[in-house]
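Trainee: Following this message is one structure expressed as structure tokens.
The values are calculated or read from the model by the stated rules, or taken from the named source; none is laboratory data. Bear in mind the structure is a predicted one, so any value in this text is a computation, not a measurement. Here the Cβ positions follow ideal geometry from the backbone for every residue, glycine too, while neighbour counts run over all protein chains shown. These area figures cover heavy atoms from the full protein model, side chains too; ligands, DNA and RNA do not enter into them. Shrake-Rupley method; radii C 1.70, N 1.55, O 1.52, S 1.80 Å.
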Amino acid sequence: MTAPSHPLVADLYRQMRLPVICSPMFIVSNPELVVAQCTSGVMGAFPALNARPQTLLGDWLDQVQGGLAAHREAHPQAVIAPFAVNQIIHTSNDRLDQDLADCARHRVPYIITSLRAPGDLVDEIHGWGGKVLHDVTTIRHAEKALEAGVDGLILVAAGAGGHAGALSPFALLAEVRRFYDGPIALSGAIATGAGVLAAQTMGADFAYMGTRFIASTEANASPDYKEALVASSAGDIVYTPFFTGIPGNYLKSSIVNAGLDPANLPAPSAGSSNFGSTRAKPWKDIWGAGQGVGSIAAVRPAAEIVEQLHAEYRSAQARMAARSFA
């Protein structure tokens, strides 16, 4: 990786084998997956809300930190990336204060915030030495997050799994870079090492990847979900607000299995969802996935996935060098 000018990016590059931040996926991400990701040299993350009941969050943080410490002791030369915890900044999240208190006690190094700009929470997180990365889907969201003082942006562009924006990664990144030169992670159908390099070439510092790691042995996803990812391609992804009221990308096969017609899902009224109109539950029965799903050929341990990404990244670098114009 080339030497970055921003100190936070430079610090993270020293702790990573690849410039990849693994997205915190509802239900799917767990301590086992996060430890496997971090010890492989990419940043792992899980949503605080995945630890249920709330009292389990402290145990999860102990498990992650203990796993990383044990790996560091057993492999003192290993490159071990830091981890992140995702916090939903919304009035519906009635456990936010408790979750942040647990993160403060464990001095979680990175907090990924979602849905609303974190506002005064940034100072609280900075108080224990943590950094804040905020995910956004539009230019206005990016501006509001920067006004709140976040340390970096995660651009959730078209093609990303789960709740995703509608703007092309090219368009969203280019426009944000017109007014922001700090750390940026880019998502949007990135599922290969070549895609990671492409994100950097476009001007991002990191690739933000989720779907590729659902098809890992450590992920808390059903075998059917994982095998559906292997069997799917970009054409099998449906972008709809039907299930949660917020547009998102889902596997067509899971919608069909729920007895619904993917081609005839009406848009919900503003601010609502059709959660109650079907027994199928978003994320549990209706499976999120990004358009990069066609690059997934098998269910593998996270460490093997990172190793393949690393090999693809190096190969893409070599191809770029061979094709460079003077």
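Trainee: With every protein chain left in place, what is the accessible area of Lys252 in Å² (1.4 Å probe, nearest 10)?
Mentor: Using a 1.4 Å probe on the heavy atoms, I get roughly 70 Å².
Trainee: Would you rank Met25, Met202, Met209 by solvent-accessible area, highest first, keeping every protein chain in place and using a 1.4 Å probe?
Mentor: On the way: Met25 25, Met202 65, Met209 0 Å².
Putting Met25, Met202, Met209 in descending order of accessible area: Met202, Met25, Met209.
Trainee: Could you give me D for region 161-303, from Stokes-Einstein at 25 °C and 0.890 mPa s, where the hydrodynamic radius is the Kirkwood radius over C-alpha pairs? Units µm² s⁻¹, please. Each step should come with its number before you reach the end.
Mentor: Values: Rh = 16.1 Å.
Using the Kirkwood radius from Cα pairs, D works out to 153 µm²/s.
Trainee: Grab the Cα-Cα distance for Asp261 and His90, subtract it from 0.36 nm times how many residues apart they are, and report the gain in nm with one decimal.
Mentor: Values: separation 171, 0.36 × 171 = 61.56 nm, distance 3.14 nm.
Stretched out fully, the Asp261 to His90 stretch lengthens by 58.4 nm.
Trainee: Please work out which option in [x] 139; [y] 177; [z] 152 gives volume of the Cα convex hull per residue in Å³ calculated from these coordinates, and answer with its label.
Mentor: Comparing each candidate, only [x] matches the computed number.
Trainee: Going by amide H atoms built from the backbone, whose H comes under 5 Å of the H on Gly152, apart from near neighbours?
Mentor: Val132, His134
Trainee: Can you tally the net charge around His134? Count Lys and Arg as +1, Asp and Glu as -1, for every other residue whose Cβ sits under 10 Å from the Cβ of His134. Please list the in-between numbers first.
Mentor: Values: positive: Arg116, Lys144; negative: Asp135, Asp151.
Here the charged neighbours net out to 0.
Trainee: In region 124-140, which residues have a backbone nitrogen under 15 Å from the label point lying 7 Å from Ala104's Cα in the Cα-to-Cβ direction?
Mentor: Backbone N within reach: 124-131.
Trainee: Given a 1.4 Å probe, how much area per residue of the chain is accessible, in Å²?
Mentor: Working: 14260 Å² over 326 residues.
So the chain comes to 44 Å² accessible per residue, rounded to a whole number.
Trainee: Between region 73-116 and region 156-231, what is the separation of their alpha carbon centroids in Å?
Mentor: 20 Å
Trainee: Here's something else I'd like to know. Give me the percent of accessible area attributable to carbon and sulfur for region 51-122, probe 1.4 angstrom. Don't skip to the answer; put the middle values down first.
Mentor: Values: 1860 of 3590 Å².
Carbon and sulfur atoms account for 52 percent of the accessible area of region 51-122.
Trainee: Quick one: accessible surface of Glu147, probe radius 1.4 Å, all protein chains present, in square angstrom to the nearest 10.
Mentor: 130 Å²
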